[in-house]
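These notes are about the structure you will find just below.
The values are calculated or read from the model by the stated rules, or taken from the named source; none is laboratory data. Being a predicted model, the structure only gives us computed values, none of them experimental. FYI the Cβ positions are ideal-geometry reconstructions off the backbone, even for glycines, and counts take in every protein chain you see. Keep in mind that these areas ignore ligands, DNA and RNA; they rest on the heavy atoms of the full protein, side chains included. Shrake-Rupley method; radii C 1.70, N 1.55, O 1.52, S 1.80 Å.
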Amino acid sequence: MSGPSDFQPSNPALKWIERRLPIFGLIHSSFVAYPTPRNLNYWWTFGAILSMMLALQILTGVILAMHYTPHADLAFKSVELIVRDVNYGWLLRNMHACGASMFFFAVYIHMFRGLYYGSYKEPREVLWILGVIIYLLMMATGFMGYVLPWGQMSFWGATVITNLFSAVPYFGESIVTLLWGGYSVGNPTLNRFFSLHYLLPFVIAGVVVLHVWALHVAGQNNPAGVEAKTEKDTVPFTPYATIKDMFGVSCFLIFFAWFIFYMPNYLGDADNYIPANPGVTPAHIVPEWYYLPFYAILRSIPNKLAGVVAMFSAIIILCFLPWLDSARTRSSKYRPLAKQFFWIFVVVCILLGYLGSQPPEGIYVIAGRILTVCYFAYFLIVLPLLARIETPRPVPNSIADDVLAKSKGRAATAASVMLAMVVAGSLLVGGTQNAKADEGGTAPPAQKWSFSGPFGKFDRGSLQRGLKVYKEVCAACHGLSYVAFRNLADPGGPGYSPAQAAAFASEYKIKDGPNDQGEMFERPGRPADYFPSPFPNEQAARAANGGAAPPDLSLITKARSYKRGFPQFAIDFFTQYQEQGPDYVDAILQGFEDKAPAGVTIPEGSYYNKYFPGHAIKMPKPLSDGQVTFDDGSPATVKQYAHDVTTFLMWAAEPHMEERKRIGMQVFFFLVVFAFLMYFTKRKVWANAH
Amino acid sequence: MTTASSADHPTRRDFLFVATGAAAAVGAAATVWPLVAQMNPDAATIAAGAPIEVDLTPIAEGQDIKVFWRGKPIYISHRTKKQIQEAQSVALSSLPDPQPDSARVKAGHDQWLVVIGICTHLGCIPIAHEGNYDGFFCPCHGSQYDSSGRIRQGPAPANLAVPPYAFLSDTKIQIG
């Protein structure tokens, strides 16, 4: 199809190059003149969307690597500094982190599309297998990328996933030690994961080149599943496919931007805002949503080795798909039974994803086993059987016939694509709910926060009062180590002037040194200094507080969450509700009760808190009415204190939130306008083709 | 595509293509901005570059110290009478980068020379009290500076730069 091109540039300089390296001819034959079936629908634009996502991930990743420190002691902090201090660092980090999810979202659509339309069948077997290899590489890359921020989920995800290899008979332990570079997951592991996370995307890019090459040799499949025979069946790639792909991309970007600017932590886990702690495993280890179906398969098998084998088989089996499904009709459009089974399979995958996010107990285990059997049965029983017993409907003679036949139902197609996008979006959302089982805490009441929603802004007065509460009460035990005094004067913050921030800083004693005599000394704080922590180290904090170290509060409102439950979490996606953390912190501060209710025993040295998981908290009731006086006449009540200090801590956790939402609104406005322009441009261009 | 129209009669199609292309260009430019701006110093680096105070009392006549400000070495020299004399008496016309000594020190504080200790040739650190001019000598390519930090000999094109600073008292300066 893409044989030697007869393309000749007219510019003499380009001609000179072309005679020595026919690169312009290659580009012309691959991306301009390349004949593409004229009946492709919008599911085919996901190839272009994936190319864009790969380029974007590599670009933002290379940039993040300029600021990131791959060291066990510094990685978590360096990520926080990227988000807080680097110019547009928050944007780049959100793009990269949400981008990984979007990449997987797009690849799953791409794969299901291939499955539905039989794109793996002769002569596209190698094309399909290359795709499976890309998918495997993506999974490895995504996993190692998730380890890099070195939060609790990073660390324990790395531990659990690397331990999969310990299931290998005889060599398991040696393999795991080799992967770790130590006796446990630690600094050497982080270093090599960083190195490989940087390498693998370029390997993916290489395999993508092969994937596209194979595609251009075999030619694209199409919804009708019949090969292009004449000129009438195809249109040139540029402008037709290019413009259509660009419209698809611009719609996808709107979806992507929703996450980047409004829901950056929706797909993440609150536990990953707690620095890695090798001594404490989070209550529920859940991988990122895109691994959940395979995680569910792993957990359904009660035998360690068999579970690991089943999990990897679930992916490897895709390589054999071209031979498992020997039906001659490609497209499921003309296969009434295969079509139904395809949709059942999609539901099975989504349900497996849901089960992967639930705790492995009771009904979930049994359902997981049934669905695991269904998953494998689709490939090993249903598809081979259907090839023998199914009577397909007649396929059109040519692509041109197919186009003529369906030109009446075009509006319906567009509507169905839109509907499918919405459904797919909410399904993605459905797969993300984390396994935060009831741990004995009452769900905190959802509060009204000035900073919630797309136009949310911090209440300056509340921030200033919250700072006062933190300084006079919380700071006795809790650090705020990622916040610098200069931040108090940053736009979108408490609204102090640089001079006020400097005066505030000078009230603090900061340890500095060594001086010329080699001694440490104390000096007044400067704007560049960070809030000093009340204890010199974790052991001292532990010793002074009955064995429980008070956590640093810089990220507390992002590091705490609670289960929102179904269907609330799906509604949250559309209402942009992101305030579980503030709700929880506020509730804890107000949840102390002098007497535990009957039936709840609180150990010595702990206190009853209605909202704390397990109810027994080591922190004594920190706030009481009248403890802090406000200059602005706000009521000196615990309710007010809790609300203000939580607002302040939300700002401390995300000082650029106002900027994020403001830029988000601009980006949204632009993208919607651009998508409309692209849509009409696409229609004009395609007007010539019909 | 545009053959159907001519320049005199722009069609709605042309307008649409131009508008879409322009929007794409604006979007691309706006995207590139943060990708490039992230390379500039981050907020923590800028905050750490705030002015510093240096106590001059421990520096005896004829001695000099090196302090760091914004990652740059700053030489603070307590010049001898002889050095001041030499710096003031040299004929300006004989200097590659003519500048009187009075423009390089603060009035009334002739004995204190404060310069950024980075050779203006290619950024090496000159050594104090070396060279033929009672000033600085750069070991990399042989540039020689006098007791006022002015280039006298060698490949460097300009005098050692004087950082922004001020005397807070007779014995204390603030750099930056």
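On inspection, A:Ala158 qualifies as open to solvent by less than 20 Å² (accessible area, probe 1.4 Å) and touching a Ser or Thr at 6+ places or on another chain (Cβ under 7 Å). Between residues in segment A:194-217 that are under 15 Å from A:Ser29 (Cβ atoms) and residues that are open to solvent by 40 Å² or more (accessible area, probe 1.4 Å) and at pLDDT below 95, which pairs lie under 6 Å by C-beta distance while being six or more apart or on different chains? What qualifies is A:His216/A:Ser2. Remark: B:Val105 falls outside the filter, which requires a residue to be open to solvent by less than 50 Å² (accessible area, probe 1.4 Å), in contact with a strand residue (DSSP E or B) (Cβ under 8 Å, 6 or more places away or on another chain), within 14 Å of chain A (Cβ to nearest Cβ) and aliphatic (A, V, I, L, M). Is it the case that some residue within segment A:12-33 is within 25 Å of A:Pro236 (Cβ to Cβ), over 21 Å from the mean Cα position of the chain (by Cα) and within 14 Å of chain B (Cβ to nearest Cβ)? Checked segment A:12-33: at least one residue is within 25 Å of A:Pro236 (Cβ to Cβ), over 21 Å from the mean Cα position of the chain (by Cα) and within 14 Å of chain B (Cβ to nearest Cβ). Within segment A:2-31, the set of residues being modelled with pLDDT under 90, farther than 17 Å from A:Thr242 by Cβ, surrounded by 10 or more Cβ atoms within 10 Å (Cβ to Cβ) and in contact with a Ser or Thr (Cβ under 9 Å, 6 or more places away or on another chain) comprises just one member, A:Ser5.
Taken as a whole, segment A:95-108 holds no residue that is more than 22 Å from A:Gly47 (Cβ to Cβ), in a helix (DSSP H, G or I), at pLDDT 95 or above and within 11 Å of chain B (Cβ to nearest Cβ). A:Ala616 - would you say it is at pLDDT below 95 and either crowded, with 16+ Cβ neighbours inside 10 Å or out of contact with any strand residue (DSSP E or B) (no Cβ under 7 Å at 6 or more places or on another chain) (or both)? Answer is yes for this residue.
The set of residues in segment B:113-164 that are open to solvent by 40 Å² or more (accessible area, probe 1.4 Å) and of a type in the set (S, T, N, Q) comprises B:Thr120, B:Asn132, B:Gln153. Return yes or no: is B:Trp69 open to solvent by 70 Å² or more (accessible area, probe 1.4 Å) and within 14 Å of chain A (Cβ to nearest Cβ)? Spelling it out, it is not the case that B:Trp69 is open to solvent by 70 Å² or more (accessible area, probe 1.4 Å) and within 14 Å of chain A (Cβ to nearest Cβ).
Okay, residues lined up against (1) assigned to a helix (DSSP H, G or I); (2) in contact with a Cys (Cβ under 6 Å, 6 or more places away or on another chain); (3) within 14 Å of chain B (Cβ to nearest Cβ):
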{"site": "A:Met619", "(1), (2), (3)": "no, no, no"}
{"site": "A:Gln640", "(1), (2), (3)": "yes, no, no"}
{"site": "A:Asp644", "(1), (2), (3)": "yes, no, no"}
{"site": "A:Lys661", "(1), (2), (3)": "yes, no, no"}
{"site": "A:Phe668", "(1), (2), (3)": "yes, no, yes"}
{"site": "A:Lys682", "(1), (2), (3)": "yes, no, yes"}
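The set of residues in segment A:113-130 that are open to solvent by less than 20 Å² (accessible area, probe 1.4 Å) and either out of contact with any Phe, Trp or Tyr (no Cβ under 9 Å at 6 or more places or on another chain) or within 30 Å of A:Asp269 (Cβ to Cβ) (or both) comprises A:Leu115, A:Gly118, A:Arg124. Please tell me if A:Leu137 is open to solvent by 20 Å² or more (accessible area, probe 1.4 Å), among the hydrophobic types (A, V, I, L, M, F, W, C) and either within 14 Å of chain B (Cβ to nearest Cβ) or under 21 Å from A:Pro322 (Cα atoms) (or both). Yes; evaluated as a whole, the condition is true for this residue.
Only residues that are over 27 Å from A:Phe76 (Cα atoms) and under 30 Å from the mean Cα position of the chain (by Cα) were counted across segment A:458-485, and they come to 1.
Within segment A:217-232, is there a residue that is part of a helix (DSSP H, G or I), over 20 Å from A:Asp245 (Cβ atoms) and among the charged types (D, E, K, R)? Among the residues of segment A:217-232, at least one is part of a helix (DSSP H, G or I), over 20 Å from A:Asp245 (Cβ atoms) and among the charged types (D, E, K, R), which makes the answer yes.
Selection of segment B:9-35 for residues being under 36 Å from the mean Cα position of the chain (by Cα) and more than 9 Å from chain A (Cβ to nearest Cβ) yields B:Ala28, B:Ala29, B:Thr31, B:Val32. Evaluation of A:Ile82 against the conditions (1) touching a His at 6+ places or on another chain (Cβ under 7 Å); (2) part of a loop (DSSP other than H, G, I, E, B); (3) surrounded by 20 or more Cβ atoms within 10 Å (Cβ to Cβ) shows that the sole unmet condition is (2).
Taking every residue in segment A:49-73 that is free of Cβ contacts under 8 Å to residues at least 24 places away in the same chain and within 12 Å of chain B (Cβ to nearest Cβ) and pairing it with any residue that is open to solvent by 30 Å² or more (accessible area, probe 1.4 Å) and of a type in the set (D, E, K, R), at least 6 positions away or on another chain, the pairs with Cβ-Cβ distances below 9 Å are A:His67/B:Asp42.
Checking the conditions here, which among B:Ala87, B:Ala50 is touching a residue at least 40 places away in the same chain (Cβ under 8 Å) and more than 12 Å from every other protein chain (Cβ to nearest Cβ)? Going through B:Ala87, B:Ala50 in turn, just one is touching a residue at least 40 places away in the same chain (Cβ under 8 Å) and more than 12 Å from every other protein chain (Cβ to nearest Cβ): B:Ala87. Out of A:Ala257, A:Ala241, one residue alone is assigned to a helix (DSSP H, G or I), open to solvent by less than 20 Å² (accessible area, probe 1.4 Å) and in contact with a strand residue (DSSP E or B) (Cβ under 7 Å, 6 or more places away or on another chain). It is A:Ala241.
Only residues that are open to solvent by 30 Å² or more (accessible area, probe 1.4 Å) and not polar (S, T, N, Q): list them for segment A:550-561, please. Write out each step before concluding.
First, pick out the residues of segment A:550-561 that are open to solvent by 30 Å² or more (accessible area, probe 1.4 Å): A:551-552, A:560-561.
Scanning segment A:550-561 gives A:Pro551, A:Asp552, A:Arg560.
Filtering segment A:279-305 to residues that are open to solvent by 30 Å² or more (accessible area, probe 1.4 Å), β-branched (Val, Ile, Thr) and farther than 15 Å from A:Val365 by Cβ leaves A:Val280, A:Thr281, A:Ile285. Exactly one residue among B:Asp134, B:Asp110, B:Asp170 is out of contact with any Pro (no Cβ under 7 Å at 6 or more places or on another chain) and either within 21 Å of B:Ser94 (Cα to Cα) or modelled with pLDDT of 95 or more (or both), and that residue is B:Asp134.
Counting only helices (runs of 4 or more DSSP H) that sit wholly inside segment A:288-373, those with at least 2 residues that are free of Cβ contacts under 8 Å to residues at least 60 places away in the same chain are A:304-316, A:336-357.
Considering only residues in segment A:502-511 that are touching a strand residue (DSSP E or B) at 6+ places or on another chain (Cβ under 8 Å) and either surrounded by 13 or more Cβ atoms within 10 Å (Cβ to Cβ) or part of a helix (DSSP H, G or I) (or both), the one that is farthest from the other protein chains (Cβ to nearest Cβ) turns out to be A:Tyr508.
Residues checked against (1) of a type in the set (Phe, Trp, Tyr); (2) modelled with pLDDT of 95 or more; (3) within 25 Å of A:Leu267 (Cβ to Cβ):
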{"residue": "A:Ile363", "(1), (2), (3)": "no, no, no"}
{"residue": "A:Arg369", "(1), (2), (3)": "no, yes, no"}
{"residue": "A:Phe376", "(1), (2), (3)": "yes, yes, no"}
{"residue": "A:Leu383", "(1), (2), (3)": "no, yes, no"}
{"residue": "A:Pro396", "(1), (2), (3)": "no, no, no"}
{"residue": "A:Ser416", "(1), (2), (3)": "no, no, no"}
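Taking segment A:540-573 as the range and being assigned to a helix (DSSP H, G or I) and modelled with pLDDT under 90 as the test, the residues that pass are A:Gln568, A:Phe569, A:Ala570, A:Ile571, A:Asp572, A:Phe573.
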